[in-house]
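The structure appears right after this line, and notes come after that.
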Amino acid sequence: MASNSFGHLFRFTTWGESHGPAIGAVVDGVPPRIALTEADIQIWLDRRRPGQSRFVTQRREPDTVRIMSGVFEGVTTGTPVSLVIENMDARSKDYGDIKDKFRPGHADFTYWAKYGVRDWRGSGRASARETASRVAAGGIARKILSAAFGAPFRVRGALVQIGAHAIDRGRWDWDTVEKNPFWCPDAKMAERWEGHLDEVRKAGSSAGAIIEVVAEGVPAGLGAPVYAKLDADLASALMGINAVKGVEIGDGFAAVALPGEQAHDEMRMADNRVGFLDNHAGGILGGISTGQPIVARFAVKPTSSLPIARRGVTENGRDADVRTTGRHDPCVGIRAVPVGEAMMACVLADHWLMHKAQCG
């Protein structure tokens, strides 16, 4: 498997399995003299950490990160930054009864079909546990971008839909996002989701979700035409998150229903700078950032591991009913919010370095 790295100049490689001794990442391309401590990374891992509410998996992982290389006397050295996160609460026995069965909706069959072998303990590399490594890499990316762009820069994510229940955008409040277990910007909808997910969980089912990620304070000029488009790399980054089945930038698919005179962001001069009167494009035109907030959304399918019987097959070609016991997220999209933020930050750090390399 040679596809474990992401990025061009800011590039990270993740390693480890869900039920192995540890997971981690090697982050290359980090500029020297960037102040970096484990606490700078841990703050983001704590947002993704499992077991923080009844609406996520109850696997108890502290997700404590250790920096093994690339930092000396509190600053980066320009060499690879190696990160380690130990697995502390794996329970492989939960998968013993289904180790020879392919679960519907999972990567069990496709991994086996490609490699002829698979790690059945919590899905191995296919587990959402791997995303902790991405969040750790994203913590480093944020430090690079904060040093480059200054205080206006920030990346924030929010859950905007669970199942058929979408937020009211008229009630959007970023402060509310940090006050509920769903990262929801609509307080009333967060209350409704509680009841909905309790019903889903008791029924042995699961729910999908849509996450919106916004990056503010990004200057115009990141990205390049044709094959190095900022939005193309961002779509790849978000599509590569576990269970994601769709990505859109700006208005995305909704732009199809708009007439041309409404779909495109008009411009006027403001304070001797080009200003946009709207942001249907999501902050990217022609693959290059406009200086407006960069807005992306991604759709996460319902969790595949279910305790109710589902029709599957075995490795030796027999039909079989499959029940997945153990600890699983009734809505894996909840913990995908900090993962989406991290991938946005990684793409922006990568494109900032490429921009500097070409344009100085």
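Under 14 Å from the Cβ of W44, count the other residues' Cβ atoms, weight Lys and Arg +1, Asp and Glu -1, and hand me the total.
Value of the local net charge: +3.
Got a sec? Charge dipole of the chain, +1 on Cβ for Lys and Arg, -1 for Asp and Glu; which of T14, V226, V177 is way out at the positive end?
Of the listed residues, the answer is T14.
So for region 7-137, considering every pair of alpha-carbon atoms, how many percent are separated by more than 18 Å?
Value for region 7-137 (Cα pairs over 18 Å): 59 percent.
Taking the highest mean first, how do the peptides 37-49, 310-322, 282-294 order by number of other beta carbon atoms within 10 angstrom per residue?
Going from most to least packed, we get 282-294, 37-49, 310-322.
Within a Cβ distance under 13 Å of I144, other residues only, what is the Lys/Arg minus Asp/Glu net charge?
Once all neighbours under 13 Å are counted, the net charge is +2.
If you count, for each residue, the other Cβ atoms within 10 Å and average over each peptide, how do 259-265, 341-347 line up from highest to lowest?
341-347, 259-265
Report the calculated FRET efficiency for A164 and A254 (r = Cβ-Cβ distance, R0 = 22 Å), to the nearest 0.05.
0.85
With an 8 Å cut-off on Cα pairs and a minimum separation of 6 or more residues, tell me the relative contact order of the chain in percent.
22 percent
For region 235-360, what relative contact order do you get, as a whole percent, if you take Cα pairs closer than 8 Å and at least 6 residues apart?
Worked out over region 235-360, it gives 23 percent.
Please provide three numbers in whole Å: the alpha-carbon extents of region 269-312 along the principal axes, with the largest listed first.
The Cα atoms of region 269-312 stretch 63, 17, 12 Å along the principal axes, largest first.
Give me the distance between the Cα centres of region 234-254 and region 151-206, rounded to whole Å.
19 Å
With only alpha-carbon pairs counted, each pair once and no self-pairs, how large is the Kirkwood hydrodynamic radius of region 244-333 in angstroms?
With all distinct Cα pairs of region 244-333 included, I get 17.2 Å.
Would you mind working out the accessible area per residue for the chain, using a 1.4 Å probe, and quoting it in Å²?
Normalised by residue count, the accessible surface of the chain is 47 Å².
State the percentage of accessible surface on region 222-302 attributable to carbon and sulfur atoms; use a 1.4 Å probe and exclude ligands, DNA and RNA.
57 percent
Would you mind telling me which residue in R192, R118, R142 has the biggest mean-square fluctuation in a Gaussian network model of the chain, where springs connect alpha carbons within a distance under 10 angstrom?
R192
Packing-wise, with mean Cβ within 10 Å as the measure, how do 168-176, 127-135, 235-243 rank, highest first?
Result, highest mean first: 127-135, 235-243, 168-176.
Hey, what D do you get for the chain in µm²/s if you plug the Kirkwood alpha-carbon radius into Stokes-Einstein at 37 °C and 0.692 mPa s?
Translational D for this selection: 153 µm²/s.
Quick one, what does Rg over Rh come out to for region 79-175 if you take C-alpha atoms and the Kirkwood Rh?
When Rh is taken as the Kirkwood radius, the ratio is 1.10.
Between T64 and K99, what is the label-to-label distance in nm when each label sits 7 Å out along the Cα-to-Cβ direction?
For T64 paired with K99, the spin-label model returns 3.0 nm.
Students often get this wrong: which residues of region 207-231 have the backbone nitrogen under 15 Å from the point 7 angstrom along Cα-to-C-beta of R310?
Once the point is set 7 Å along Cα→Cβ of R310, 207-209 turn out to lie under 15 Å by backbone N, inside region 207-231.
Considering just Cα atoms, how many Å³ per residue does the convex hull of region 116-166 enclose?
Cα-based convex hull of region 116-166, divided per residue, equals 132 Å³.
Alpha carbon centre of region 273-310 versus region 15-51: separation in Å?
Measuring centre to centre over Cα atoms gives 24 Å.
The values are calculated or read from the model by the stated rules, or taken from the named source; none is laboratory data. Since the model is a prediction, treat every value here as computed from it, not as a measurement. Positions of Cβ are generated from backbone atoms using ideal geometry, with glycine treated the same way; all protein chains shown enter the neighbour counts. Side chains are part of the model used for accessible areas, which takes the heavy atoms of the whole protein and leaves out ligands, DNA and RNA. Shrake-Rupley method; radii C 1.70, N 1.55, O 1.52, S 1.80 Å.
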